[in-house]
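Worksheet for the structure shown next.
What follows draws every value from the coordinates through simple rules; no lab data is involved. Not measured: the values here are computed from a predicted model. Because the Cβ atoms are built from the backbone with ideal geometry, glycine has one as well, and the counts that use them run over all protein chains shown.
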Amino acid sequence: MSATILIIEDETDLANTLAYNLRREGYATRLAATGRAGLEQAREPPPPDLVLLDLMLPDTSGFDVCRRLRAEEATRRVPIIILTAKGEEIDRVVGFEVGADDYVTKPFSPRELLLRIRAVLRRAGPDEAPPVEETRFGRLRVDRAGHRAYVDDEEVVLTALEFRLLTTFLDRRGRVQTRDALLADVWGYAASVTTRTVDTHVKRLREKLGDAGPYVETVRGVGYRFRSHPDEAGET
Ligand code: CA
């Protein structure tokens, strides 16, 4: 049985594009253009398997919708991905406080969104082990739920983007990541950034990580690679 995704989004073009892309991937979709309609749709049994929720709705804020979904028994456990065009730092903090599972900043690529949807659905799946909330790697500790990173138990303050870059590296440790792949998965194709931006952010992330910085290795002419083991000798 295919998963049903409820799209709460007032921009008709975007909502239709999302629905089209999701159906092409085998998902069933439901659409709502206001917060009120979205809540009604979400309460309709059976509940959707996932909600894509725009923040700026005509009648209410996406945060309110999120809070209400979390407060009601029928929708309490439905995963929510927030779609936002606003400053990502604020949204990230508030979004997680109100119980969103993930957030995607507009403009985003269909591919990026699909990857996030799959990841969230996988985490929410009944047969899966609970999500790994904390990853330890040598001197580095990453608390995913809290969006915090530590080196030798000292917190490293990262931007939302740097945090995403770090967890992307961590999840693919030992595998070479091209700049293009990082651009697509961390920034999203639609982002108006160049591969040089990737270098700038990786450099800053490395600096912030200090003693754990060398875990991110440069693969000359290709991209980057996060070590597969903390004490692996640098090869480049
Ligand atoms: Ca909107």
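Under 5 Å between amide H atoms, partner at least 5 residues away or on a different chain: which partners does Ile7 have, H built in plane at 1.01 Å?
Arg30, Leu31, Ala32, Leu52
Can you put Ser228, Ser61, Ser109 in order of Cβ neighbours within 10 angstrom, beginning with the fewest? Let's see the in-between values first.
Working: Ser228 12, Ser61 15, Ser109 18.
Ordered from fewest to most neighbouring Cβ atoms within 10 Å, Ser228, Ser61, Ser109 come out as Ser228, Ser61, Ser109.
For the stretch 35-87, what does the convex hull of the Cα positions come to per residue, in cubic angstrom?
About 67 Å³ per residue, rounded to a whole number.
Compute the angle between helix 195-209 and the longest alpha-carbon principal axis of the chain, please, reported from 0 to 90 degrees and rounded to the nearest 10.
With rounding to tens, the tilt is 70 degrees.
Short version: ³J(HN,Hα) in whole Hz for each residue of the stretch 69-84, in order, from phi by Karplus 6.51 cos²θ - 1.76 cosθ + 1.60 (θ = phi - 60°), x for Gly and Pro, what are they?
Those phi angles translate into 4, 6, 7, 9, 4, 5, 10, 3, 9, 6, x, 10, 10, 7, 9, 9 Hz.
Cα convex hull of the stretch 4-124: how many Å³ per residue? Could the numbers behind the result be given before it?
Numbers: hull volume 10.9 nm³, N = 121.
Per residue, the Cα convex hull of the stretch 4-124 comes to 90 Å³.
Give the calculated FRET efficiency between Arg204 and Arg123 to the nearest 0.05, with a Förster radius of 25 Å applied to their Cβ-Cβ distance. Before the final figure, lay out each step's value.
Values: r = 29 Å, r/R0 = 1.15.
FRET efficiency, Arg204 to Arg123: 0.30.
Remind me, what semi-axes does the stretch 1-65 give for its equivalent ellipsoid, largest first in whole Å, using sqrt of 5 times each Cα gyration tensor eigenvalue? Walk me through the numbers on the way to the answer.
Working: eigenvalues 71, 41, 12 Å².
Here the semi-axes work out to 19, 14, 8 Å.
I want to verify the translational diffusion coefficient of the stretch 134-226 in µm²/s; compute it with Stokes-Einstein, Rh as the Kirkwood radius over Cα pairs, at 20 °C and 1.002 mPa s. Could you put the intermediate results ahead of the total?
Numbers: Rh = 13.2 Å.
The Stokes-Einstein estimate is 162 µm²/s.
Treating only the Cβ of Lys, Arg, Asp and Glu as charged (+1, +1, -1, -1), what charge dipole size does the chain show about its Cα centre? Round to the nearest 20 debye.
Using Cβ point charges on Lys, Arg, Asp and Glu, the chain gives about 540 debye.
Roughly how many debye, to the nearest 20, is the charge dipole of the stretch 134-226 about its Cα centre, given +1 on each Lys and Arg Cβ, -1 on each Asp and Glu Cβ, and no other charges? All intermediate terms of the calculation are to be shown ahead of the outcome.
Numbers: 17 positive and 14 negative charges, 68 e Å.
The calculated dipole for the stretch 134-226 is roughly 320 debye.
List the residues whose amide H sits under 5 Å from the amide H of Thr60, counting only those 5 or more places along or on another chain, with H placed 1.01 Å from N in the peptide plane.
Gly35
How long is the chain along each principal axis, judged by its Cα atoms, biggest number first, in Å?
Largest first, the chain extends 56, 34, 33 Å along its Cα principal axes.
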